[in-house]
Every structure is written in C-alpha cells, then in structure tokens.
Amino acid sequence: MDVRSQISMVFHLDKCLGCHTCSIACKNLWTDRKGTEYMWWNNVETKPGTGYPTCWEDQQKYQGGWEKNGKLKLRSTGKAKIVANIFHNPHMPSMDDYYEPWTYDYQNLFNAPEGPDQPIARPVSKVTGEYIEIESGPNWDDDLGGSPLYARNDPNLEGLSEAERQQLFAIERLVFFYFPRICNHCLNPACVAACPSGALYKRGEDGIVLVDQKRCRAWRACVAACPYKKVFYNWFTGKSEKCILCFPRVETGQAPACFHSCVGRIRYLGVLLYDAERIEEAANAAGNELIDAQRSLILDPFDPEVIRAAERKGLPESTIEAAQKSPVYQFVKVWKIALPPHLEFRTLPMLFYVPPMSPVLANRQNDVLDHASTDLFHDIEEARVPMKFLGNLLGVGNETKLRYALRKQKAVRWYRRAITVGDVDLQTAQKMLREADCTAEEAEGIFRMTALCPAEERFVIPPSHREQAAEMFGDVMDRKQGTGFGFLSAPRRGL
Amino acid sequence: MTTILQYLDPLLFAVLPYVALFTFFLMTIQRYRAATFTYSSLSSQFLENRRHFWGMVPFHYGILLVLTGHVLGLLIPDRILAWNSHPLRLYTLEITGLALGLLALVGLVSLLLRRIGTSNVRVVTSPADWILHALLLLQVGSGVYLAVFHPWGSSWYAAAAAPYLWSIVKLQPQLGFISAAPLAVKLHVTGAFLLVALFPFTRLVHILVVPNPYLWRKPQVVRWYR
C-alpha cells in the first residue's frame, strides 16, 4: 500500500445558482494577463449545453483522455505519435474552439464627434487590437437550456430517446442546471502523461497538477490530451497554463479563490488518502466498474492499518487528521452521493459532483396534474433532466450510481422536512431513508454538510508543512501579473 | 575595392565562423541559465491551425533531412563519395536532396505567407522572427539554387566543403576551396554561420530542448518537496 494524500473537491450541483462568481474570482487572481484572457481555469457551464471550449466532451472531435484497447493509451499522443506530430499537433484546439478575447473601445464614448446617434463602444480584439465582430464567448450558451445551437449539441445527449429529448427541450418544460468546472487534478492525468518535456507534474504531497513554466516548450500535447480541456495554451508566452488549485492559498490554509467566493457554498475541499500502487489497475477497470474501482483507491483514514501505512510513507499526522475530517471523504466514500465527471476518460478525476435534483414532469396524464404514485421516489425517475443524461455525464453511461445518489438526497430532504416542517409524516420519511440506504445519522450528516455547511467544515485544508517545502524558501507570493512561482523574472516572451 | 574583397574572404570564412561558434556556445548557455523561461518553440498553432499544417510539416521534415545530409557529408565524406561513384546512386541522392530542399522551401514560404497574412500570428512575431525568416529564406533558397545550378553537390560538398569545415574545427582554417567557390556557395556558407551566430537570440533554441526523454520516461511525473 503506497498511501498518498490528494486535495480533492466536491461540487454540489444542486446548490449551484450559476452566478459565475467563482470564474470571476479566478480570472481576477490568475488569468488577467496577456495571453491568458481567453483562459477560464474555472468556468460554469449550462447543461445541457456545449460547454467551453465548444463540445469539449466530444472526444471524437478532440481526442482527449485515455482509451483502453487492451492496454491504456492516450488517444491523442504516444511515444510513436509524438515524433510524427511534434511540428503540428493534429488534435490541438485553436482559438476558434474557444473565442477571441475582446475589450471595448470605451474612448469612443468620450471622443466621438457630435452626431445624430449615440456613440458606441466597438469591441476590440485583445489579441490583435483590431475591431472584431464578437461571435462567441466563454459562457455563450449561458441559460440557453433548449437552444438548438447549444443545448441540442450536448454530447451527453447520446443514447437519449426522442421522448427524453423532447422532455428536455419542450418550451415551458425545458430544464437546465449548472456545471462549474475546474481542473480535476486527476490521479492518472492525461496532460502529464502527454507532455513531451515532462513539464507537467503532480505534486507528491497534495496531488495538485502543475505546469513547470520553465520546462514547458509549447509542444501543446497537454492541451490536446486533457479530455476536460482544462490545460490552456498561453499564445503570448508560448507556455501552457492551468488551474493551480490556488496552491499559494491552500499552502497558507486558505480555500482556493473559487471555493472561497462561492455564493451558493457548493464547494467542498478536503484530503483523500489513496493507494497510489493501484492507480493503474483502477484506470484499467472495465467501464461499468470504473466508479467502484476509483472509490476503492480511496482509503479509510480511520483504518489503523491505513494510518500505519501512511505514517510509514512519512505522511504528517496533521494530514491524516485532515483526511479524517475531510468532507470529500464523506461525500464520495461514506455517503456515495458524489460522482466523478466522465470517468470513462480514465484520468481518474479527483473532483466529484453531487448530481442535481430537477423539477418533476408535470402534465403527465391527460392534462391532469397528478404526482401521486406508490413509488416514493417516482420523481427521481420522472425528473425533467433524464437520468440517462446525468448518467452520461457522471455515471460512465450507467444510471445505477446516480439513482443511488439522487434517492439518498431525496430521502434526506423528506426526512428533514418531516422534522422541521412536519407536513410529511416521519414514518414515510424513515421508510424512504431505509429504501435509500441511508441511516438517520447519515441523513443528519448530509443535511448539515449540504444546508448548514460552515466554512471550517466545508474546507478542511491540511497544514502544508512549509518547513519541508524547499520550493517555498523562495518568494512564494510572487507578484501580480507574474508567471509561475519561485522565479522572479517577468513573463517575457522568448525571442 | 580589391583590398576590401581581399579581406572579405578571411573575414567571412576564417573569422566569422569562430565569432559564430563562440556566440553560439556562450549565449545559448547563458540564455538557458538566465532565462530558461524563454526556451520555447513559441508555437502559434493555437492562433491559426490550418495553414500551420501546410507550412510547419513540410518545412520541418525538409530542413531536418537536408541538415542530416549535411552532417553525414561532414562525418563520413568517404562513404558519400563511394556511394556517389555509381551514377544512378548519385542521381538518386541529388534528386532526393533537391526534393527535400524544395519541400523545406515550400514550407518556409507558406509559413512566411501565413505570418504576414494572419493578423493574429503577426502579433506574436518578434523582430527576431522576421530576421530569422529572412535568413532562413536566403539559406534554403541558396541551397536549392546550388542544388539546381551547381549540381553534384553531394560529391563536391563531401570532397571540398567538408575538409574546409573540418579545417575550422581543427582551428586551422584553409580558405583554398571557399575562395575559389562561386558566389552562391559563399552566400550559403556565410548564411550558415550567421544562423549559428543568431541561434541563441532567436526561437531556434527550441531545437536544443527537443523532448527526447519522453521516449523512455514513465507516463506519470510526480514531484516531491523532499
């Protein structure tokens, strides 16, 4: 057993209100530099929708992630392919797949000569400085639930019946939810495995995946390989950049900016202990066993044997303690209501999503609004977002794990409603708990973490043990507009 | 006038090589140590993806194979001459060389047109890039010219140019061959030395950081503080 610690995340989709505060917090902190304007290390997508970059989930188009043909192989690159493709990467997305960043010619509002019309501020490209026509943006399909241009092209709609599609898109019935995304800091990161220069790496202590700005040579393989398209190419400095999970904040005990600023308090951060020896085995599991395989990597931080193994590996006591208090451990391993996105890409993402509940289909039987059913969980099956869709997104195409997570959430809701409001009877609520495989304590735990979620329980950040971190003897908190940490030169583009 | 020309040959073919090599080694190492961050291929594929393919791929394959030919001629001139002793083999080598040179030229020209024609890419083109492009165009252009108008270059390069280049390596420059060579050859050789000299000041440094370790490293990379 090779015990390692990973700072991992849970996003509670049922609570996301789609305000983009996380994106803005991140943008202001990290990606307001030249060449990074188009990067959204954190973005919020409307689902169903095409996301950012457009249709990133469609690996027929982008060839990201791993594929299993006997052995696990990267779709986009490999030792043989890199030699042939190093001059031109055939799977590299271009700016057209994202958008051309722009600002506005605000001066014109003041300088325009007097005329019959109001002066306007024309959009100006942040790349060329020329006037441009805006064609798309990072959240261009925001709230466009039923749109034929965006929502109907969502790759997760694959396999949905015509009726299910209708149910998603019918006017006045259409439904959508928000899907905030950051780098998943995977256990089997495709970007790291693809980098010809070995510039990308996973930090041993906390599992954060980073790009070494001094070793990146712009071969662009990481951008193509990441199936989540969360590595971005800085077109100005000629270096790849990605979400750093605000490691300077995490190392000083603060939650990352997107977590800290989250209005809906949907984000949880905590340590997971995992067995690094079995990563390859888990990544190789059969499709329908992937979720269980990944869960089995996560170790019980209360198990004395795990603790001993962790201590043998030199994990500090404080990290083990943090793992025991980790909200992520509860969500993923104990309650089993948080699921990784698109595990079929086999990168073993360490960001987990609690699937969203959605409104029930009304008008079902001959225009009679009738929701009575002997099945207490009928509205899970009849939710407007078809289970199949969520299954494609979070369940490796399978609905079993999703149904489990949604039923549990539903049971907790009824149980708490019986207690606090009292308009449903406790017996029924308890029956629901039993049927949803949930104890009363568990329900209280889920309720507390979902509804009350005090900051110190949402973010359990282990001390970083700076004394061990040689990297930190340099100037950690570099300055704004800088690139990378640990070196003080300005991010000047090479000649 | 004659006095200038008299000094020009030694200047270009006995002094410039050393200036170039000295600059190359000193500044490449210095740049790697002081400004590692700037070592990058500075790809612009992200900004323009289509024409990138039609320029980048022919240019690189062409120029790399042609360069390999030059290096082979330098390292094993006798074998090359022996190979060329048979006319059919000589023709094959000459035509292959010319074709690869043309491939590089076509690639280079299309890259240059792409750089000029795409406003996005123009933004990320530095003065050093323009100088480098001009120099490369001169170099590849003169190379193709030589292949066409001064044929059997594979033989005369191995027989005459290689000894000259070796004389530079041995620190005893022999200008016999080069003084008598046609202008195009002089241009080509001078261009080569200029490219070596400018190497550390341009994006050419990406050649030195070609990621060969990838071919034998393990897929995942983990770094520890300790």
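We did not get these values from a lab; they are worked out from the coordinates using the rules stated. Just so you know, these numbers come straight off a predicted model, no measurement behind them. Methodologically, a virtual Cβ is constructed for each residue, glycine included, from the backbone with ideal geometry; neighbour enumeration extends over all protein chains shown.
Work out how far the C-alpha atoms of segment B:2-205 reach from end to end along every principal axis, then list the three figures in whole Å, largest first.
48, 40, 34
What are the extents of the Cα atoms of segment A:203-244 along their three principal axes, in Å, largest first?
So the three principal-axis extents are 31, 24, 14 Å.
In whole Hz and in residue order, list the ³J(HN,Hα) couplings for segment A:231-237 that follow from phi through the Karplus curve 6.51 cos²θ - 1.76 cosθ + 1.60, θ = phi - 60°; x for Gly and Pro.
Using θ = phi - 60°, the values come out as 10, 10, 9, 7, 5, 8, 7 Hz.
If you average the C-alpha positions of segment B:4-32 and of segment A:206-278 separately, how far apart do those two centres end up, in angstrom?
Segment B:4-32 and segment A:206-278 have Cα centres spaced 45 Å from each other.
May I ask which residue of A:P53, A:Q118, A:M92 lies farthest towards the positive end of the charge dipole of segment A:1-148, with charges of +1 (Lys, Arg) and -1 (Asp, Glu) on Cβ and the Cα centre as origin?
Sorting the options by dipole projection puts first A:M92.
When only Cα pairs under 8 Å and 6 or more residues apart are kept, what is the percent relative contact order across chain A?
21 percent
Quick one: compute a quarter of the convex hull surface over the Cα atoms of segment B:10-84 and quote it in nm².
If I average the Cα hull's projected area over directions, I get 8.4 nm².
Only counting other Cβ atoms within 10 Å, I'd like A:V396, A:V83 sorted with the fewest neighbours first.
Exposure proxy ranking, most exposed first: A:V83, A:V396.
Taking all pairs of distinct Cα atoms, average 1/r, flip it, and tell me the Kirkwood hydrodynamic radius of chain A in Å to one decimal place.
24.1 Å
For segment A:63-192, what is the Kirkwood estimate of the hydrodynamic radius, computed as the reciprocal of the mean inverse distance between distinct Cα atoms, to one decimal in Å?
Over segment A:63-192, the inverse of the mean reciprocal pair distance is 19.7 Å.
Could you grab the relative contact order for segment A:39-94? Cα pairs under 8 Å, six or more apart, rounded to a whole percent.
Worked out over segment A:39-94, it gives 21 percent.
In chain A, which longest range has no trypsin sites (Lys or Arg not before Pro) that are both DSSP loop (not H, G, I, E or B) and surrounded by at most 12 other Cβ atoms within 10 Å?
A:1-363
Using a 10 Å cut-off on Cβ to Cβ distances, tally the other chain neighbours for every residue of A:191-199 and report the average as a whole number.
5
How about segment A:134-223: which chymotrypsin sites (Phe, Trp or Tyr not before Pro) there are in a DSSP loop, with at most 16 other Cβ atoms within 10 Å of their Cβ?
The qualifying sites: there are none.
Compute from the Cα atoms of segment A:248-404 the Rg and the Dmax, the latter being the longest Cα-Cα distance, and quote both in angstrom.
In Å, with Rg to one decimal and Dmax whole: 19.1, 66.
So for segment A:1-137, Kirkwood radius off the Cα pairs, Stokes-Einstein at 37 °C and 0.692 mPa s: how many µm² s⁻¹?
Estimated diffusion coefficient is 171 µm²/s.
Can you give me the long-range amide H partners of B:A35? Hydrogens built in the peptide plane at 1.01 Å from N, cutoff under 5 Å, separation of 5 or more residues or another chain.
For B:A35, no residues qualify.
Do you know the relative contact order of chain B, to the nearest whole percent, from alpha carbon pairs under 8 angstrom that are 6+ apart?
Computed value for chain B: 33 percent relative contact order.
Using 21 Å as the Cα-Cα cut-off, could you pick out the over-long pairs in A:K15/A:K410; A:K47/A:K68; A:K229/B:K218; A:K81/A:K202; A:K61/A:K230; A:K34/A:K239?
Going by Cα-Cα distance, A:K47/A:K68; A:K229/B:K218; A:K81/A:K202 fall outside the 21 Å limit.
What's the exposure ranking of A:C55, A:C226, going from fewest to most Cβ atoms within 10 Å?
A:C55, A:C226
Please report the spacing between the Cα centers of segment B:76-129 and segment A:381-460 in Å, no decimals.
Their Cα centres are 65 Å away from one another.
Cα-Cα pairs above 19 Å in segment A:107-252: how many percent?
Tail fraction, whole percent: 69.
Could you pull the Cα extents of segment B:114-157 along its three principal axes, largest to smallest, in whole Å?
Extents along the principal axes: 44, 18, 11 Å.
I'd like the distance separating the alpha-carbon centroids of segment B:196-226 and segment B:146-175, in whole Å.
Cα centroid to Cα centroid, the span is 32 Å.
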